[in-house]
Amino acid sequence: MEKASGGQQRACVWCASSSSSSSSEPAEPAEHPRDETGLDDSAPPQPSRSFGVVITGSTKGIGLAMARTHLALGDRVVINSRDADRVQASVAELTAEFGDDNVSGVAANVSLAQDAKLLAKEAAEFLGEIDVWVNNAGTNGYYYGSLLDTDTDIMSEIIETNLLGSMLCCREALAVMRDQEGGGVVFNMDGAGSSGSPTPRFAAYGATKAAIPQLTSSISAELKSLDIADKVSVHTLSPGMVTTDLLMAGADTKVSKFFINILAETPDKPAGFLVPRVRSLAAEAQEGARGMQRKPQKSVYIKFLTDVKAYSAMMRRVLLGENKDRYVPEDSYLPFL
Amino acid sequence: MPAPLLSRASARASARASARASARASARASSPSSSWKVVSRSSAPAPAPLGLARHTTCGSQKTARIRTSASAQNDSQRQTQNHDTNSTSMRFIVTGGSRGLGRALARELVANGDTVLLTSRSQESATKAAQQILTEARKLPHYKPGGVAHGVACDVSCAKSVAALTDSARTLMDGADAWICNAGASGDYGWFLDQDAEITATVVRTNLVGGMLCAQQALRLFQEQRRGALFFVDGAGADGLPTPHYAAYGASKAAVAQMWGSIQDEAKSVGASAHVLSPGMILTPLLLEGTDKADLAPIFNVLCEHAEVPAAFLAPRARELVNASDGAYVRYLSIPRVAWRFVTWPWRRNRHFDEANGLKLYSDSFAARMESDTRDVTRERESRKRERALAYAAVAAASTTCAAAMVVLPSIL
């Protein structure tokens with residue numbers, strides 16, 4: 001196995017690097033051309049081996065985009081969603097593009113223990129070894145508004161899908177991975193609220209996402225105590241604002257339109273940023289598990305939309321009027337604001 | 001406002017000894033089902049010491065039975081209460097009030113003369129806790145008569161149950177001034193990887209779904225009243241630090257802390273406020289289970305407390321916050337306090353655990369602890385006064401310095 005990205009080339013370097021440039025460089029192996037996969041220049045060198053990847057909630061949005069990017073980089077992916085029809089449709093679409101052997105689908109509700117177990121079992125059967133597991137399934141009930149008017153069933157659904165689902169899937173994924181020769185990496189998806197900042201129009205979603213980085217750090221600490229941190233590790237992915245149904249359901253106020261136009265990206269952009277980093281972490285875990293580099297893996301927080309990027313985008317918007325009306329028309333009297 | 005305060009103070013001073021003595025006697029004499037409490041002292045212009053006033057108003061409209069069963073909702077005798085902001089008696093809902101911090105808070109509030117509606121998952125334990133709290137409250141050194149405790153069964157993770165709790169609060173107390181979302185599940189102490197999925201689900205549902213359902217119902221209730229205060233209770237993990245061995249608990253508490261920020265504006269818009277109570281480290285199974293007492297005894301001795309100690313600190317502050325307009329995060333174990341505790345650690349040695357062998361030195365019974373020593377509770381109870389005195393002293397020192405500077409500086413320049 002080749003040496004994947006070095007330890008120094010971790011989170012901070014990636015986060016600080018810009019991803020806005022779209023010009024592609026032919027530095028990749030010929031079978032994984034960058035322009036096709038939407039990778040940016042800052043991506044770490046990619047391992048040539050193929051990984052077995054499970055992405056929950058991957059029939060649409062960022063999950064689907066990540067699945068696509070993984071497939072384009074030569075990985076094998078298990079698609080998941082609660083809805084069997086959607087799973088079938090997505091699998092059919094991806095199979096047409098990437099071949100039968102590389103894509104499979106499991107309909108499972110991640111907030112149910114037996115479903116999570118089933119997903120892990122079936123994924124392990126299809127993939128052989130689960131190298132990467134992304135806990136992406138999340139919802140905000142497609143509802144933006146006050147807590148007072150929130151339907152209690154939706155509230156429970158949000159919390160159980162986002163937080164309980166991540167917990168159950170983490171457990172199932174780690175249970176499979178710790179017994180694998182090659183170990184594995186698990187990723188939890190953060191979201192608005194993860195920094196602890198208030199999320200008044202989607203309190204339930206924000207609260208669950210605030211719990212995610214804390215959950216990741218707790219599990220990491222336990223893996224270290226269990227002395228299996230060199231084999232399996234848990235990390236957090238931050239896709240930033242993505243123009244998915246979840247976000248666009250909230251594009252109904254001046255402020256939200258303003259920020260969506262400035263900061264949101266189509267799903268392929270963050271996917272192109274996150275997936276190469278996910279893969280190089282997976283390669284590191286493989287090295288750790290196979291005894292080439294036995295040292296505990298540190299938990300990494302991979303952020304697509306860093307504070308620096310967000311503030312600079314805001315400045316460009318305010319000063320230059322950049323990205324005004326990009327996705328949704330803004331009604332404003334001032335030329336730039 | 002000053003007049004009733006004065007009269008209350010003098011009445012208390014003269015009646016304190018006799019009131020406590022008679023309170024204990026009546027507690028022993030009366031069976032729980034027939035015991036009673038004066039609810040509204042502020043509106044009773046009793047010239048006699050309070051200990052006697054209790055007897056003279058017995059049976060009048062201002063008394064209420066302890067209603068401990070759901071069927072009591074049908075009771076035609078509705079308690080009448082003064083709800084204005086100057087009322088000294090307040091109405092609290094405390095979820096998860098049958099054990100631990102919730103019980104200690106309820107007890108503290110009852111000892112303050114407040115009406116408390118406490119919940120537990122089973123009606124039996126709620127009823128029992130409500131009865132026991134009334135007796136236990138008398139053991140607190142700052143006990144004031146007049147408190148009432150109701151016990152109602154409620155599963156906070158069930159929307160219908162929480163809605164029914166609001167109805168109980170309307171029936172039993174004619175609303176609520178404050179709602180303390182204390183009910184929490186810790187799960188078992190152990191590896192996250194080995195935890196039963198059912199337990200993980202219970203933790204998330206009780207702590208986070210429960211907190212959110214209670215917050216929603218509380219805000220609806222407060223919206224009708226145009227006032228009220230909502231309190232969350234934080235725990236390990238709320239600061240975002242990892243909580244190995246109880247990962248699910250920590251994550252849910254991290255979520256609750258964030259939720260507090262999210263609902264600030266909404267609480268304000270309905271005329272209420274939302275706060276967090278942080279009890280610090282309490283000697284509970286969650287904290288102690290699976291730890292090496294012999295190794296950690298010095299740390300536990302310095303930092304841990306029995307539930308009644310943070311409750312004595314938090315309850316008066318919670319009462320003050322009932323009419324606050326802005327949300328507050330009330331921390332018992334704040335960083336200066338932690339620092340002070342470590343500075344004074346020699347005085348805290350062998351407090352809870354024997355540092356030589358890790359053996360437990362305290363009693364699990366609240367009554368027994370109060371018999372032996374009430375200093376900790378009294379100190380926390382009085383801490384508000386100390387804080388105020390310190391603040392006044394700081395202001396006085398600052399203004400003196402400024403005045404001195406204004407005199408001295410011109411002469412130098």
- Residue list for the stretch B:201-218, filter: facing chain A (nearest Cβ under 8 Å) and either surrounded by fewer than 24 Cβ atoms within 10 Å (Cβ to Cβ) or assigned to a loop (DSSP other than H, G, I, E, B) (or both): B:Ala201, B:Arg205
- Residue in the stretch B:221-278 that is farthest from the other protein chains (Cβ to nearest Cβ), counting only those that are farther than 28 Å from A:Leu168 by Cα, surrounded by 24 or more Cβ atoms within 10 Å (Cβ to Cβ) and touching a residue at least 60 places away in the same chain (Cβ under 8 Å): B:Leu277
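Restricting to the stretch B:159-193, name every residue that is facing chain A (nearest Cβ under 9 Å) and of a type outside the set (A, V, I, L, M).
As a first pass, look at the stretch B:159-193 and keep what is facing chain A (nearest Cβ under 9 Å): B:159-160, B:162-163, B:191-193.
Answer for the stretch B:159-193, where residues must be facing chain A (nearest Cβ under 9 Å) and of a type outside the set (A, V, I, L, M): B:Lys160, B:Trp191, B:Phe192.
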- Can you give me the number of residues within the stretch A:173-198 that are surrounded by fewer than 23 Cβ atoms within 10 Å (Cβ to Cβ) and facing chain B (nearest Cβ under 8 Å)? 5
- Task: State whether the residues of the stretch B:177-184 include one that is among the charged types (D, E, K, R), in contact (Cβ under 8 Å) with a residue 60 or more places away in the chain and part of a loop (DSSP other than H, G, I, E, B).
- Result: yes
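Per-residue answers, yes or no, for (1) under 22 Å from A:Thr236 (Cβ atoms); (2) of a type in the set (A, V, I, L, M, F, W, C); (3) not in a strand (DSSP E or B):
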residue: A:Ser111; (1), (2), (3): yes, no, yes
residue: A:Ala116; (1), (2), (3): yes, yes, yes
residue: A:Ala120; (1), (2), (3): yes, yes, yes
residue: A:Ile154; (1), (2), (3): no, yes, yes
residue: A:Thr161; (1), (2), (3): yes, no, yes
residue: A:Met167; (1), (2), (3): yes, yes, yes
residue: A:Pro198; (1), (2), (3): yes, no, yes
- Note on the structure: Scanning the stretch B:182-200 for residues that are aliphatic (A, V, I, L, M) and modelled with pLDDT of 90 or more, the one surrounded by the fewest Cβ atoms within 10 Å (Cβ to Cβ) turns out to be B:Ile199
- Task: Of the conditions (1) at pLDDT below 90; (2) touching a helix residue (DSSP H, G or I) at 6+ places or on another chain (Cβ under 7 Å), A:Ser104 clears all except one; give me its number.
- Result: (1)
- Where residues in the stretch A:255-294 are touching a Gly at 6+ places or on another chain (Cβ under 7 Å) and closer than 17 Å to A:Leu223 by Cβ, which of them is surrounded by the most Cβ atoms within 10 Å (Cβ to Cβ)? A:Ala285
- Mind checking which residues of the stretch A:121-140 are under 20 Å from A:Leu64 (Cβ atoms) and surrounded by fewer than 23 Cβ atoms within 10 Å (Cβ to Cβ)? A:Glu122, A:Phe126, A:Leu127, A:Thr139
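More than 12 Å from chain B (Cβ to nearest Cβ) and in contact with a helix residue (DSSP H, G or I) (Cβ under 8 Å, 6 or more places away or on another chain): which single residue out of A:Asp230, A:Asp153 fits that description? Before you say what the answer is, go through the steps one by one.
On the way: A:Asp153 fails: more than 12 Å from chain B (Cβ to nearest Cβ).
Just one listed residue meets the conditions, A:Asp230.
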- Note on the structure: Only unsatisfied item for B:Leu314, checking (1) in contact with a strand residue (DSSP E or B) (Cβ under 6 Å, 6 or more places away or on another chain); (2) more than 22 Å from B:Gln258 (Cα to Cα), is (2)
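Here is a yes/no grid of residues against (1) among the polar types (S, T, N, Q); (2) more than 19 Å from the chain's Cα centre (by Cα):
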position	(1), (2)
A:Thr95	yes, yes
A:Asp100	no, yes
A:Gly105	no, no
A:Ala124	no, yes
A:Met155	no, yes
A:Ile159	no, no
A:Val185	no, no
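The values are calculated or read from the model by the stated rules, or taken from the named source; none is laboratory data. As the structure is a computational prediction, the values presented were derived from the model and not from experiment. Because the Cβ atoms are built from the backbone with ideal geometry, glycine has one as well, and the counts that use them run over all protein chains shown.
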